[in-house]
Ligand code: ZN
């Protein structure tokens, strides 16, 4: 990538997959500690450690002025009543905004900042979501049959901080109640 002058990447419009590249894949077992129902989680991992989400890291130089972009594909499924989702992250440079554009499926972007403010935005095809600076973000697929496919772009030197969410979780969860998504407090959320 050092001598990169331009970069043409093909993403399949329906699947979000890029046939020429390898995606980074997160199976259910990689999500240990992130779901409220730990018993159900352990059962499911033992039965079938399915792919929960995958995304493309295009290897763009992590330096100022570059824009990192790719697609994220979150598959349908639930652990108990909690939908399949990405781990979610802050950016190492907290003052980083990010844009997501939904290509396929139905879901939510769950966001929160260190000050305790949180927000959700619906993801549906044709809609863009702006993740403001300082907000951790997680994609959640609420469809029971279709992958949630989004395109994302952010400053390339921003870095990822997964550890904070892995340790503390998000303040809120989106779970299914009577067939509908509802926002509830995360019983495992740790105030520090
Ligand atoms: Zn991000």
Within the range 86-114, of all residues that are touching a helix residue (DSSP H, G or I) at 6+ places or on another chain (Cβ under 8 Å) and at negative phi, the one surrounded by the most Cβ atoms within 10 Å (Cβ to Cβ) is 90
Determine if the range 54-62 includes at least one residue that is modelled with pLDDT of 95 or more and closer than 30 Å to residue 180 by Cβ. yes
Testing residue 13 on (1) over 16 Å from the mean Cα position of the chain (by Cα); (2) surrounded by 13 or more Cβ atoms within 10 Å (Cβ to Cβ), one condition comes back false. Which one is that? (2)
Flag for residue 129 being surrounded by 14 or more Cβ atoms within 10 Å (Cβ to Cβ), within 28 Å of residue 59 (Cα to Cα) and modelled with pLDDT of 95 or more: yes
A careful count of residues in the range 168-185 that are away from the ligand (no atom under 16 Å from the Cβ) and surrounded by 15 or more Cβ atoms within 10 Å (Cβ to Cβ) gives 9
Between a residue in the range 107-124 that is part of a loop (DSSP other than H, G, I, E, B) and any residue that is at pLDDT 95 or above, which pairs come within a Cβ distance under 6 Å, given they are 6 or more apart or on different chains? 113/134; 113/135; 124/102; 124/106
Kindly evaluate residue 106 against the criterion of being within 16 Å of the ligand (Cβ to nearest atom) and within 18 Å of residue 53 (Cβ to Cβ). no
Considering every residue within the range 160-167, establish whether at least one is over 14 Å from the mean Cα position of the chain (by Cα), away from the ligand (no atom under 16 Å from the Cβ) and over 18 Å from residue 11 (Cβ atoms). yes
Which condition does residue 134 not pass, out of (1) within 15 Å of the ligand (Cβ to nearest atom); (2) assigned to a strand (DSSP E or B); (3) buried (at least 16 other Cβ atoms within 10 Å of the Cβ), if it passes all the others? (2)
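The values are calculated or read from the model by the stated rules, or taken from the named source; none is laboratory data. Remember, predicted model here, so these are calculated numbers, not experimental data. Note: ideal-geometry Cβ built from the backbone for every residue, glycine included; neighbour counts use all protein chains shown.
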